1. Quick check on my filter: what residues within segment 70-93 are surrounded by 14 or more Cβ atoms within 10 Å (Cβ to Cβ) and part of a strand (DSSP E or B)?
2. Report, ordered by the first and then the second residue, all pairs with beta carbons closer than 7 Å, sequence separation of six or more or different chains, a first member in segment 1-19 that is farther than 15 Å from T41 by Cα, and a second member that is at pLDDT 85 or above and small (G, A, S).
3. Quick test for you: out of G132, G151, pick the one residue that is in contact with an Asp or Glu (Cβ under 8 Å, 6 or more places away or on another chain), under 21 Å from V189 (Cα atoms), assigned to a loop (DSSP other than H, G, I, E, B) and assigned by TED's automatic domain parsing to the domain that holds I186.
Amino acid sequence: MEETEFFCPTCNEDTEHEILKESPGKLLVKCLECGSIHNITREPEPREIRVKAIISIERDSMKGTIELTEDERISVGDLLIAETEDGESLGVEVSSIEIDDKRVGNAQASDIGTIWARVVDRVILKVSYHDGRATIPLYVEYGGEDDIVIGETYKSGQYRYKVTHIKLRNGAMMRKEGWKAYARKIKRVYGTKAVY
């Protein structure tokens with residue numbers, strides 16, 4: 001039989017118990033310290049719910065759902081799995097939470113009307129590549145969890161560039177060599193022509 005910790009009224013403390021019988025809403029348990037047998041009221045498992053999601057991939061949006069437990073607390077910035085109408089699963093980051101036409105920073109899942117999220121499995125980074133004379137915009141695909149490191153050299157097609165600084169989505173600018181950020185957190189990468 002399964003063993004777990006419950007409050008024992010005889011011992012007057014939490015002790016290891018053996019579960020003797022399970023029924024809806026109740027457990028019959030035996031304290032392994034004193035041997036007393038008593039009932040425990042079992043809290044119902046939180047219900048699984050599907051919350052409507054608007055999922056952004058760069059400039060495109062699609063509808064989907066995110067499966068959560070009703071008592072789960074969700075915040076902007078949380079990483080979740082969304083399912084599109086086509087049945088595709090995508091790793092997303094919560095960008096906004098809507099309750100009754102109001103945007104909030106966090107909420108209990110059962111109160112949420114819509115979760116606005118952006119795909120972070122794969123992201124397209126905008127790279128400002130400066131070759132010494134002109135700045136060329138590049139669009140480079142990365143995994144959302146890929147590290148982009150200041151001072152490292154990267155390649156996109158015919159261009160090789162050394163990252164000089166990174167602008168994050170929260171507005172912060174990173175300039176120190178060796179500092180890094182996940183691709184999903186980056187708004188723009190600045191780089192100069194890499195010397196072979």
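The values are calculated or read from the model by the stated rules, or taken from the named source; none is laboratory data. Since this is a predicted model, take the numbers as computed values, not measurements. Positions of Cβ are backbone-derived with ideal geometry, glycine not excepted, and every protein chain shown enters the neighbour counts.
1. Result: I74, L80, A82, E83, T84, L90, G91, V92, E93.
2. T10/S36
3. On the way: G132 fails: in contact with an Asp or Glu (Cβ under 8 Å, 6 or more places away or on another chain).
Exactly one residue qualifies, and that residue is G151.
Yes or no, residue by residue, for (1) surrounded by 15 or more Cβ atoms within 10 Å (Cβ to Cβ); (2) in contact with a Pro (Cβ under 9 Å, 6 or more places away or on another chain); (3) of a type in the set (S, T, Y); (4) modelled with pLDDT of 90 or more:
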| site | (1), (2), (3), (4) |
| --- | --- |
| G105 | no, no, no, yes |
| V123 | yes, no, no, no |
| P137 | no, no, no, no |
| Y142 | yes, no, yes, no |
| I148 | yes, no, no, yes |
| H165 | yes, no, no, yes |
| L168 | no, no, no, no |
